[in-house]
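Visitor: I have a structure here, written as structure tokens, and I will follow up with some questions on it.
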Amino acid sequence: MRRFCFAALLLLASAAHAQDARRQYLQFATGLNSAAAEFRQTVTGPNGEKVQSAQGNMEMRAPDRFRWEYRAPSPQLIVADGRKVWIYDPELRQVTVKPQDAMNQDNPLSALLRPETVDRFYRVSELPARQGLQWLQLLPVRKADSPFDKAELGFRDGALRSMRLFDAMGQVSEFNFGTWRRNAAIAETRFRFKPPKGVDVVE
């Protein structure tokens, strides 16, 4: 009887942890209209080797505006204005433009701005806690149209702390976020981009 009770307690504890990731996701995403945070990005290869690292600032605004500004080691700007994604490399003096997918699967952070649609676009499951974080796994429903095979979102204290993207080649891009400015006042102009004069535009 004592062993049975102990096993039952373990099952209950596991269920509580499984629900905690979803609860923290909803706590962070519900009522979220805009947000900004510093980030550090690390890319590792299939064998765990470090490929590159970078840092910068990310801003987002509902329903589908995003701005990723890399500062180091090389400047780069990625702006999603709701219709197009602009990728600007100042060193190459080049801008790459592509349509912004209606499902926004290029960026799983869209799940934070549209929590009511996350189960429509992704198969969502909870993962075991690790590194002091509670994790949600997102598997794109339309895998053929997605640049990543799966995404993992790690939460702690009701905020997103880490995001991991896994691609078909075994490469992992991990983003670790600093303190979030939730519902920050972010001007709409931050999500507009006009190519500078003399810059090549590739569409």
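Visitor: Looking only at region 77-123, filter to residues that are of a type in the set (A, V, I, L, M) and outside any strand (DSSP E or B); which one of those is modelled with the highest pLDDT?
Guide: The extreme case among them is 92.
Visitor: A follow-up question, please. I'd like to check something: does region 33-42 contain any residue that is within 22 Å of residue 161 (Cα to Cα), surrounded by 13 or more Cβ atoms within 10 Å (Cβ to Cβ) and either of a type in the set (Val, Ile, Thr) or at pLDDT below 50 (or both)?
Guide: yes
Visitor: Still on this structure, I have one more. Being at pLDDT 95 or above, of a type in the set (Val, Ile, Thr) and more than 13 Å from the chain's Cα centre (by Cα) is the requirement here; does residue 51 meet it?
Guide: For residue 51, the condition - at pLDDT 95 or above, of a type in the set (Val, Ile, Thr) and more than 13 Å from the chain's Cα centre (by Cα) - is not met.
Visitor: Another question about this same structure. For region 163-203, enumerate the residues that are basic (Lys, Arg) and within 18 Å of residue 65 (Cβ to Cβ).
Guide: 181, 182, 190, 192, 194
Visitor: Identify all residues within region 24-56 that are within 19 Å of residue 183 (Cα to Cα) and either of a type in the set (Ser, Thr, Tyr) or part of a loop (DSSP other than H, G, I, E, B) (or both); write none if there are none.
Guide: 25, 30, 31, 32, 33, 34, listed by residue number.
Visitor: Is it the case that some residue within region 124-136 is in contact with a Pro (Cβ under 9 Å, 6 or more places away or on another chain), within 24 Å of residue 84 (Cα to Cα), among the aromatic types (Phe, Trp, Tyr) and outside any helix (DSSP H, G or I)?
Guide: Within region 124-136 (the criterion being in contact with a Pro (Cβ under 9 Å, 6 or more places away or on another chain), within 24 Å of residue 84 (Cα to Cα), among the aromatic types (Phe, Trp, Tyr) and outside any helix (DSSP H, G or I)), the answer is no, since none of the residues qualifies.
Visitor: Of the residues 179, 96, 117, which is free of Cβ contacts under 8 Å to residues at least 40 places away in the same chain and either of a type outside the set (D, E, K, R) or surrounded by 15 or more Cβ atoms within 10 Å (Cβ to Cβ) (or both)?
Guide: 117
The values are calculated or read from the model by the stated rules, or taken from the named source; none is laboratory data. In this text, all values refer to a predicted model and were calculated from it rather than measured experimentally. Here the Cβ is made from the backbone with ideal geometry for all residues, glycine too, and neighbour counts use every protein chain on show.
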